[in-house]
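*Asks:* Handing you a structure now.
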Amino acid sequence: MAAPKGHPKYGGGRKKGQLNKKTKEQIDRAERILQLIESQFLEQDIAKLSPNTRTSLYRDILEYRQPKLARIEHTGKDGEALTRQVFIIGGKEIVF
């Protein structure tokens, strides 16, 4: 039987902003991997990697822990290219 019209929700379902089960599992898995990487257990193995490889590894895993920022394209008026104004004052270049 359906609830009467205009009746508030009975509290069922996931609240707004709550993570679903699969997303929560992925975040938990990424957290465990990051803890292993940050622990002393793997510190020696990671130390053998080049700094670029270590940074890349950490960055790739970190994106599952924290959401990425939206990538946007900046354009000028009516989709035209942005314009820059450059002023040289006292030998210093100031860009707007």
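The values are calculated or read from the model by the stated rules, or taken from the named source; none is laboratory data. Quick caveat: nothing in here was measured; it's all calculated off a predicted structure. Cβ coordinates were reconstructed from backbone atoms using ideal geometry, including for glycine residues, and neighbour counts include every protein chain displayed.
*Asks:* Looking only at the range 37-87, which residues are among the aliphatic types (A, V, I, L, M), surrounded by 10 or more Cβ atoms within 10 Å (Cβ to Cβ) and at pLDDT 75 or above? Working first, answer last.
*Replies:* Looking only at the range 37-87, we keep the residues that are among the aliphatic types (A, V, I, L, M), and these are 37, 42, 46-47, 49, 57, 61-62, 69-70, 72, 81-82, 86.
Right, trim to surrounded by 10 or more Cβ atoms within 10 Å (Cβ to Cβ) and you get 37, 42, 46, 49, 57, 61-62.
Across the range 37-87, the qualifying residues are I46, L49, L57, I61, L62.
*Asks:* If you don't mind, another one. Just for helices (runs of 4 or more DSSP H) wholly inside the chain: which have at least 3 residues that are among the hydrophobic types (A, V, I, L, M, F, W, C) and under 27 Å from the mean Cα position of the chain (by Cα)? Explain how you work it out, then say what you get.
*Replies:* Details: elements: 21-38, 43-47, 51-62.
Per the criteria, 21-38, 51-62.
*Asks:* Please name all residue pairs, on different chains or six or more residues apart, with Cβ atoms under 8 Å, provided the first residue is in the range 65-86 and is farther than 30 Å from Q35 by Cα and the second residue is surrounded by 10 or more Cβ atoms within 10 Å (Cβ to Cβ) and at pLDDT 75 or above.
*Replies:* Pairs that qualify, where the first residue is farther than 30 Å from Q35 by Cα and the partner is surrounded by 10 or more Cβ atoms within 10 Å (Cβ to Cβ) and at pLDDT 75 or above, are A81/T75; L82/T75; V86/I94.
*Asks:* Then there's this: Just checking, how many residues over the range 27-53 are more than 16 Å from E63 (Cβ to Cβ) and basic (K, R)?
*Replies:* 1
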